[in-house]
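Have a look at the structure below before the remarks.
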Number of protein chains: 2
Amino acid sequence: MKTPRIFTLAILATAMSFIHAQAASENLTGSNAEKVAPGIWRVRIGTPEKFTPTYFRSAPISENGLKTVANTAPLPFQPDKIGFQTNARGCVLELPLTSSEQVFGFGLNTKLFNMGDRRVWIRPSDNPESEANDSHAPVPFYVTTAGYGVFVDSARYVSFYVGNTALVKDQVQSTENNPQVATSTTDLYKQRLLSDKIMVIDVPAAKGVDIYFFEGPTMMEAVQRYNLFSGGGCLPPLWGLGVWYRGKGDFNAKDCLNLGNQFRETHIPCDVWGLEPGWQTQAYPCSFLWNEGRFPNPEQFIEKMRGMNFHINTWEHIFVHSKSPIYDAIKPLSGNFLVWNGLVPDFGVQKARQIFAELQDRSLFSKGVDSVKLDECDNQPASPTPWSFPECSTFPSGMDGEQMHNLMGLLYQQVINEIPTSKNLRTYNSVRASFALAAPLPFVIYSDSYNHRNYVRAIAKSGFSGLLWTPELRDANSIEDLFRRTETLVFSSQTLVNCWYMKNPPWMQINKDKSNRDELMDNHAEVTAGIRKLFELRTSLIPYLYSAFAQYHYNGIPPFRAVVMDYPQDTNTWKLDDEYLVGPSLLVAPLFEGEKKRIVYLPTGDWYDFWTGEKFAGGRKLEISKPVDQIPVFVKGNTLLPMATPVEYVKPDTCFQICVRVYGSNPQPFVLFEDDGTTWNFEKGAQNQIQLSWTTEKGGQTTQQGGYSGQGRFKVEEWKKQ
Amino acid sequence: MKTPRIFTLAILATAMSFIHAQAASENLTGSNAEKVAPGIWRVRIGTPEKFTPTYFRSAPISENGLKTVANTAPLPFQPDKIGFQTNARGCVLELPLTSSEQVFGFGLNTKLFNMGDRRVWIRPSDNPESEANDSHAPVPFYVTTAGYGVFVDSARYVSFYVGNTALVKDQVQSTENNPQVATSTTDLYKQRLLSDKIMVIDVPAAKGVDIYFFEGPTMMEAVQRYNLFSGGGCLPPLWGLGVWYRGKGDFNAKDCLNLGNQFRETHIPCDVWGLEPGWQTQAYPCSFLWNEGRFPNPEQFIEKMRGMNFHINTWEHIFVHSKSPIYDAIKPLSGNFLVWNGLVPDFGVQKARQIFAELQDRSLFSKGVDSVKLDECDNQPASPTPWSFPECSTFPSGMDGEQMHNLMGLLYQQVINEIPTSKNLRTYNSVRASFALAAPLPFVIYSDSYNHRNYVRAIAKSGFSGLLWTPELRDANSIEDLFRRTETLVFSSQTLVNCWYMKNPPWMQINKDKSNRDELMDNHAEVTAGIRKLFELRTSLIPYLYSAFAQYHYNGIPPFRAVVMDYPQDTNTWKLDDEYLVGPSLLVAPLFEGEKKRIVYLPTGDWYDFWTGEKFAGGRKLEISKPVDQIPVFVKGNTLLPMATPVEYVKPDTCFQICVRVYGSNPQPFVLFEDDGTTWNFEKGAQNQIQLSWTTEKGGQTTQQGGYSGQGRFKVEEWKKQ
């Protein structure tokens, strides 16, 4: 009897059904690799399942975007090095891994960063701090410092054994690291060290799978290609980049109008106003109907809020209450298990999407709501007392509960996004779950976990996986905590203050219970002034961020990302998870409550203190401290940084007054992306590229090209050498 | 499109392949139920997998034993109430469950007792305190207070959703418990209450499964039938019921002989002496060869220890070191992943069993070793840094890693048990993992978890699942802790003192570090005297326990079990997990360190304090306190309790001198089981039943029948009315 091994494709080739057996091959040899787009290869192994992330694509591959990724390099290994085996449990893949290779990605677990030497599950849960890689948005995609990315196109709870297992080999394994008998606990565990590494991928249930390889030469190009393969990053409406506020769960129309009015009177910047479950007649589960007790006239309420320049966002989850008007129609299009006694619509079925979307449109978007918050579309951790449907659930589309858990957040986002899109409007939203190929979806992931340090890590990690994350603000332990959290929030994809359990904003009272008793802090005026300044800073950054999002959309470059993505060869960045990059030129290193100073690592090159302009040579660690209302931010040398005069909100006719900060003597040009900020017309040419450039001789110059002729969005007023 | 439901068998009958379609049916209607033995039904659903617990039976069904289970009652539901569905993930079953039904079993998780309203995984791990039901011995068998048992014949990581999920029904679900919209966390979770209950069983990978139903009328009969279906409980050799001691991991022959000699000089009862990894040349993983540095002449050492009346037990695990003589031969018969750089032999392959057993015999049993300790044959919890082989491993037999993890402990026990059995010798051992149908295997499960309270719960739980558990003693927090743990140990299936990390016995020094520095306690003589008395009590109980094990073997009655098993209708027993029953008549309610007194629940009937003879009326809670060297034990009214004069060890010619304690005026007869105590000759008739009876008029009477004519084991010296 022979030892069963994970066989190489070379051995198994005849037994497997390669659909694209004669595909072209440039740098991948072997008949089973197909180049599906520039720098992107697919290897089809066995017979893949039907319901996968590519089956439910949110957008077509961005072919134009892929052309903009100039650099390419061959993959570091050939597909005949991929081992493959099926068994009753599903299928198993074996990929090579070098011992020096650093592995990143796998979605938005907020605790894990460098993913080497561990088992990683692709399993959604409401605990993003799990050691097992559970998170609101697990993603079966990884990139390595060897300069390539790997995407396993599966909706299963795939396990990746990242260099921590060893196969039986022909030669006897080395036992040199344990020459003696172990008689103590310390000795017993020494044998765990492995001499060579492999990536083992365990795909449950499936009898085959497509694997996509994304070429480098660096992690950045691999991630760009992944994002562009996904369809390119989302472009939020301009108002989405302002400040968001969610009122208390039981607020009625009057409460919202009063507090909204107070925001305007006190000039707190705010673009989006969120309503929590209280807007509905039933929740949990949802009726998706306005609660006339709290909101007697929703249209009028929305009109008044819009009149104060608030965009309205409403909370919901997917589970359908028996009193919802769609209950009977959607029941046969739902899973066979109830959640909180509600139906679970199957968004793998077009008719279910349509019934659900029609009610959303009728109740929300057609009434003037611009945005939603999609809660609880993830799952719990492998829990003894689960609240969601079991993995063995079945759905009319043919999906089971395991597939649905991974895909639900993604499909739910699609259903919602299609409503404003059909009206030629862009939207920007909150969501509790996402998955693979999600870059085009204008949804930002949030959590209840509320650990500031982990929230910062999540911002850094989001860029590996085509995801966006908000380190939302709720209550705070201290004024310092309030400021430090708010500062991080300013440098994130969604500046969201979530007061669903608090009557007053945290700058009036940081303590939840006191807030609900209307006991405001004595120094609230002073605190409010500080927070207002931070929110104003956020609005000053909108032009810069909007351009970063345009790069996300067109070039696949994540607007928020870990430092290692830009500096993969710098070993100091391999575990650097408490600072991150924003757009092309900003390095953000948040301070945390209780820390007067911190170590910041600056990669090679010149860096400038955002606040003081002080110049630092990079390639080293720096101890830095900042006052409670300032966050350590560094601007890369030779940067043009457009800073706008603060606004309270973005109106249809808002034109940002810009001061361009000039860092270094030979700055790179910066391109402002201009369009109407709200519709999809930019896709039809209604957009401008406003290029900023600067030389010592000529000073600042602005050149513009493009086909957008509407309201000007940006006016350069000043150039300011730092 | 129709909502997919878990279909009833009635609907799916034509589509499914029922192998026993025309089987006889007494109280189960429907063509798919086969009566496989008296009171035991099999329902074959779909196409079951090959590698299941019944495929790897340890013993044939005890047909004779089943005839002794007098009571029978129909199952409370018909098999056409079992829903069944396959999908890509495996298959799903739905069974009815009434809302008042209490569910017990699922193996040896030490934290969970009453298993209702939770998701239960059948997944082995080295953490028996997991909320997910991980344990050293998960078992896909449950019993309920409705008086039946259910066994799912699968080696998969089956999930049981015990009454905590709800299917979509034709009628609208009740939402009465949440008429209002929920706007707070408290409100949000109210909806979890379910109005009716089901048992959903999720079997991964398999496209079908056999389910076995065991009739009542009570849980006891259902468990008896399950144990007898397994082959009947094990009957340990008499010496196995004495005291066990394991010396420190690095002890050499001289260390063992010295300490063994000291035991004899100080008259510490002890029958079994255990050697930890240090006996081998390599561990971890194992060479299975004697380390001549520590044990220059193993035969001579063993002979000397046997001369002092110690039976020798040796530690090992399954993983094979490259320096083991069987490495090359067993390599092609091993799994494809290494553990601690060692091979994982596939005991699903006869040749692998044989190669492995031959070395065990050569190194151990043929040299006079009588017993082994099988370590680490379980798995870790779903771990980010696993030490064992992955679930996606493959084995030459065709098993995968998931099946092997569940079956490994069981198969390993079989391989070992067959060695002495082939020499017509019985053995009794320690093992870290077990599984379904394990009752016939003479192995006791232990753990590193070392929580006294949980250890007590495990003793109570073991009886639901055909398992044995030892609350082994190591070091102690205090003298009180030492005594309380030892007391529980005396009333358990294996009185094991495990000093693998301690040089001196805990009665000489409770603290590990001091023990290893030979700093003995000042009062060690006094403590030793107290522990000696407890060990003497253990040896006094051997005749009673041996009879209880005979009942386990012949009638399937667990010798150690929860109170609820004998009193299922008494709602006070449904969560009673800190006291347990031993044999027919003893109720044990251990005290824990720091507790001067405790509440004991006595079920209906009379009970007598074991120590004082004081009589208590049952059906009530009692506050009880005991001195530090006494454990609360109660004797059921109308009991004849045989107590032996203490012995230091059981020799081939040991005859227990018995005093029969008489409780109540109309005691039930008690049958002592007598044989040679070491061989399998009892199966060929070499056994006696010595019946003790007592009436007020005639006093005590002894009648004997049977075909055993060897050394008398029991001599009744005295009858003592309490």
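The values are calculated or read from the model by the stated rules, or taken from the named source; none is laboratory data. The model shown is predicted, which means the values in this text are computed figures rather than measured ones. Glycine also receives a Cβ, built like all others from the backbone with ideal geometry; neighbour counts cover every protein chain displayed. Note: areas computed on protein heavy atoms with side chains; ligands, DNA, RNA excluded. Shrake-Rupley method; radii C 1.70, N 1.55, O 1.52, S 1.80 Å.
The condition (being within 14 Å of chain B (Cβ to nearest Cβ) and surrounded by fewer than 21 Cβ atoms within 10 Å (Cβ to Cβ)) is satisfied by just one residue among A:Thr47, A:Thr54: A:Thr47. Taking the criterion of being farther than 16 Å from A:Ala33 by Cα and in contact with a Lys or Arg (Cβ under 9 Å, 6 or more places away or on another chain), the residues of region A:73-90 that qualify are A:Gln85, A:Thr86, A:Ala88, A:Arg89, A:Gly90. For region A:182-205, the candidate set comprises residues that are modelled with pLDDT under 50 and part of a loop (DSSP other than H, G, I, E, B); within that set, the residue that is least open to solvent (accessible area, probe 1.4 Å) is A:Leu194. Among the residues of region A:377-411, those identified as assigned to a loop (DSSP other than H, G, I, E, B), in contact with a Phe, Trp or Tyr (Cβ under 8 Å, 6 or more places away or on another chain) and open to solvent by less than 10 Å² (accessible area, probe 1.4 Å) are A:Cys377, A:Phe389, A:Pro390, A:Ser393, A:Met399. For region A:131-167, the candidate set comprises residues that are under 14 Å from A:Ala222 (Cα atoms) and not small (Gly, Ala, Ser); within that set, the residue that is farthest from the other protein chains (Cβ to nearest Cβ) is A:Tyr148.
Scanning region B:412-423 for residues that are of a type in the set (Val, Ile, Thr) and not in a helix (DSSP H, G or I) yields nothing. Scanning region B:697-720 for residues that are assigned to a strand (DSSP E or B) and open to solvent by less than 60 Å² (accessible area, probe 1.4 Å) yields B:Gly699, B:Gly700, B:Gly706, B:Phe714, B:Val716.
Scanning region B:73-101 for residues that are touching a residue at least 60 places away in the same chain (Cβ under 8 Å), part of a loop (DSSP other than H, G, I, E, B) and either within 13 Å of chain A (Cβ to nearest Cβ) or buried (at least 19 other Cβ atoms within 10 Å of the Cβ) (or both) turns up B:Leu75, B:Ile82, B:Arg89.
Scanning for something touching a Gly at 6+ places or on another chain (Cβ under 9 Å), under 18 Å from A:Leu374 (Cα atoms) and of a type in the set (Gly, Ala, Ser), does region A:312-323 turn up at least one residue?
Checked against the condition, which is being touching a Gly at 6+ places or on another chain (Cβ under 9 Å), under 18 Å from A:Leu374 (Cα atoms) and of a type in the set (Gly, Ala, Ser), region A:312-323 yields no hits at all.
Just to be sure I understand the filter: pairs with C-beta atoms under 7 Å, separated by 6 or more residues or on different chains, first member in region B:586-610 and closer than 20 Å to B:Lys720 by Cβ, second member of a type in the set (Ser, Thr, Tyr). Which pairs pass? Sorted first by the residue in region B:586-610, then by its partner, the pairs are B:Tyr608/B:Tyr663. Mind checking whether some residue in region A:642-664 is within 20 Å of A:Arg538 (Cβ to Cβ), open to solvent by 20 Å² or more (accessible area, probe 1.4 Å), touching a His at 6+ places or on another chain (Cβ under 7 Å) and outside any strand (DSSP E or B)? Within region A:642-664 (the criterion being within 20 Å of A:Arg538 (Cβ to Cβ), open to solvent by 20 Å² or more (accessible area, probe 1.4 Å), touching a His at 6+ places or on another chain (Cβ under 7 Å) and outside any strand (DSSP E or B)), the answer is yes, since at least one residue qualifies. Counted as qualifying within region B:488-595 are the helices (runs of 4 or more DSSP H) with 1 or more residues that are in contact with a strand residue (DSSP E or B) (Cβ under 9 Å, 6 or more places away or on another chain) and open to solvent by 40 Å² or more (accessible area, probe 1.4 Å), namely B:524-555, B:563-566.
If you take the residues in region B:365-392 that are hydrophobic (A, V, I, L, M, F, W, C) and touching a helix residue (DSSP H, G or I) at 6+ places or on another chain (Cβ under 8 Å), which one is nearest to the other protein chains (Cβ to nearest Cβ)?
Among residues in region B:365-392 that are hydrophobic (A, V, I, L, M, F, W, C) and touching a helix residue (DSSP H, G or I) at 6+ places or on another chain (Cβ under 8 Å), the one nearest to the other protein chains (Cβ to nearest Cβ) is B:Cys392.
Applying a threshold of 6 Å to beta carbon distances and a minimum spacing of six or more residues, or different chains, the list of pairs starting in region A:360-372 at a residue that is of a type in the set (Phe, Trp, Tyr) and ending at one that is surrounded by fewer than 21 Cβ atoms within 10 Å (Cβ to Cβ) reads A:Phe365/A:Ile419. Total residues in region A:206-255 satisfying the condition of being in a loop (DSSP other than H, G, I, E, B) and either closer than 23 Å to A:Phe682 by Cβ or out of contact with any Pro (no Cβ under 8 Å at 6 or more places or on another chain) (or both): the figure is 16.
Considering region B:680-696, the residues that are β-branched (Val, Ile, Thr) and open to solvent by 50 Å² or more (accessible area, probe 1.4 Å) include one that is farthest from B:Ser547 (Cα to Cα), namely B:Thr696.
Taking region A:212-227 as the range and being within 15 Å of the chain's Cα centre (by Cα) and either open to solvent by less than 10 Å² (accessible area, probe 1.4 Å) or within 14 Å of A:Thr145 (Cα to Cα) (or both) as the test, the residues that pass are A:Val223, A:Tyr226, A:Asn227. Assessment of region A:688-696 against the conditions (under 27 Å from the mean Cα position of the chain (by Cα), outside any loop (DSSP other than H, G, I, E, B) and within 30 Å of A:Ile531 (Cα to Cα)) yields no matching residue.
Scan region A:102-118 and give yes if some residue there is over 18 Å from the mean Cα position of the chain (by Cα) and away from chain B (no Cβ under 14 Å), otherwise no. Among the residues of region A:102-118, at least one is over 18 Å from the mean Cα position of the chain (by Cα) and away from chain B (no Cβ under 14 Å), which makes the answer yes.
Residues that are part of a loop (DSSP other than H, G, I, E, B) and over 24 Å from A:Val444 (Cα atoms) within region A:256-286 comprise A:Thr266, A:His267, A:Thr281, A:Gln282, listed in sequence order. Considered as a group, the residues in region A:57-71 that are surrounded by fewer than 19 Cβ atoms within 10 Å (Cβ to Cβ) and out of contact with any strand residue (DSSP E or B) (no Cβ under 8 Å at 6 or more places or on another chain) include one that is nearest to A:Val158 (Cα to Cα), and that residue is A:Arg57. Scanning region B:277-291 for residues that are within 8 Å of chain A (Cβ to nearest Cβ) and of a type outside the set (Gly, Ala, Ser) yields B:Pro277, B:Gln280, B:Thr281, B:Gln282, B:Tyr284, B:Pro285, B:Asn291. When region B:245-259 is filtered for residues that are buried (at least 20 other Cβ atoms within 10 Å of the Cβ) and over 28 Å from B:Pro471 (Cβ atoms), only B:Ala253 remains. For region A:119-130, give me each residue that is open to solvent by less than 10 Å² (accessible area, probe 1.4 Å), within 14 Å of another protein chain (Cβ to nearest Cβ) and assigned to a strand (DSSP E or B). Across region A:119-130, the qualifying residue is only A:Val120. With respect to the conditions (1) facing chain A (nearest Cβ under 9 Å); (2) of a type in the set (Ser, Thr, Tyr); (3) in contact with a helix residue (DSSP H, G or I) (Cβ under 9 Å, 6 or more places away or on another chain), B:Ser324 falls short on a single one, namely (1).
Scanning region A:302-328 for residues that are more than 29 Å from the chain's Cα centre (by Cα) and more than 19 Å from A:Tyr649 (Cα to Cα) yields A:His321, A:Ser322, A:Lys323, A:Ser324, A:Pro325, A:Ile326, A:Tyr327, A:Asp328. Here region A:393-409 is the region considered, the condition is being small (Gly, Ala, Ser) and out of contact with any helix residue (DSSP H, G or I) (no Cβ under 9 Å at 6 or more places or on another chain), and the residue that is farthest from the other protein chains (Cβ to nearest Cβ) is A:Gly409.
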